Amino acid sequence: MSNTALIDLDHLDRYVSGDVALRDEILSIFEEQADMWTRMLDPNAEDAAWKDAAHALKGASRGVGAWDVGDICAQAETLIGEERRDVVRRSVILQELRDKVHETVAEVRRLRKSK
């Protein structure tokens, strides 16, 4: 398997040992998780809710090798606490995250159709 820009297929293949059906199932779960956690990120949320959603999406992303999404989530996780909590900064990073998730989910769908 080769790498794409949005999903590291070599990373994912280590978990599925070449089983395309399992890969597709994991990618489908990731798609659902990405949608759910992205919707739960609210720039006005309390710190715990913001960090939990960002952290959960980071884990799901890194599990499938969606490194860019995971990296944006890692940045989002830091936007907590009196000095770092800023609705505008959170809104900007959330839009960046939504854009990257949208691209990544499109790639996931392409991969699942290209058996």
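The values are calculated or read from the model by the stated rules, or taken from the named source; none is laboratory data. Note that the coordinates shown come from a computational prediction; the quantities given were computed from them, not determined experimentally. Cβ sites come from the backbone with ideal geometry, for glycine too, and all protein chains shown count toward neighbours. These area figures cover heavy atoms from the full protein model, side chains too; ligands, DNA and RNA do not enter into them. Shrake-Rupley method; radii C 1.70, N 1.55, O 1.52, S 1.80 Å.
Of these, Arg39, Arg62, which one is of a type outside the set (Gly, Ala, Ser) and in contact with a Gly (Cβ under 7 Å, 6 or more places away or on another chain)?
After ruling out the rest, the residue left standing is Arg62.
Let's see how each residue does on (1) in contact with a helix residue (DSSP H, G or I) (Cβ under 9 Å, 6 or more places away or on another chain); (2) in a loop (DSSP other than H, G, I, E, B); (3) in contact (Cβ under 8 Å) with a residue 12 or more places away in the chain:
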site: His11; (1), (2), (3): yes, no, yes
site: Asp24; (1), (2), (3): yes, no, yes
site: Ala34; (1), (2), (3): yes, no, yes
site: Ala49; (1), (2), (3): yes, no, no
site: Ala53; (1), (2), (3): yes, no, yes
site: Ile72; (1), (2), (3): yes, no, yes
site: Ile80; (1), (2), (3): yes, yes, yes
site: Arg89; (1), (2), (3): no, no, no
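Output the residue which, of all residues in the stretch 55-68 that are touching a residue at least 24 places away in the same chain (Cβ under 8 Å) and touching a Cys at 6+ places or on another chain (Cβ under 8 Å), is farthest from Gly81 (Cα to Cα).
The qualifying residue farthest from Gly81 (Cα to Cα) is Ser61.
Kindly evaluate Leu111 against the criterion of being modelled with pLDDT under 95 and either touching a helix residue (DSSP H, G or I) at 6+ places or on another chain (Cβ under 8 Å) or farther than 24 Å from Asp10 by Cβ (or both).
Judged against the criteria, Leu111 is a match.
Hey, can you tell me all the residues within the stretch 99-115 that are exposed (fewer than 15 other Cβ atoms within 10 Å of the Cβ) and farther than 10 Å from Leu27 by Cα?
The answer is Asp99, His102, Ala106, Arg110, Lys113, Ser114, Lys115.
When you check Ala60 against the structure, is it in a helix (DSSP H, G or I), under 30 Å from Asp13 (Cα atoms), touching a Phe, Trp or Tyr at 6+ places or on another chain (Cβ under 9 Å) and open to solvent by less than 40 Å² (accessible area, probe 1.4 Å), yes or no?
Considered against the rule, which asks whether it is in a helix (DSSP H, G or I), under 30 Å from Asp13 (Cα atoms), touching a Phe, Trp or Tyr at 6+ places or on another chain (Cβ under 9 Å) and open to solvent by less than 40 Å² (accessible area, probe 1.4 Å), Ala60 comes out as yes.
Just one of (1) within 19 Å of Leu111 (Cβ to Cβ); (2) open to solvent by 30 Å² or more (accessible area, probe 1.4 Å) trips up Ile80, so point out which.
Single failed check for Ile80: (1).
Within the stretch 62-80, identify whether any single residue is of a type in the set (A, V, I, L, M, F, W, C) and within 14 Å of Ile26 (Cβ to Cβ), and answer yes or no.
Yes; the residues of the stretch 62-80 include at least one that is of a type in the set (A, V, I, L, M, F, W, C) and within 14 Å of Ile26 (Cβ to Cβ).
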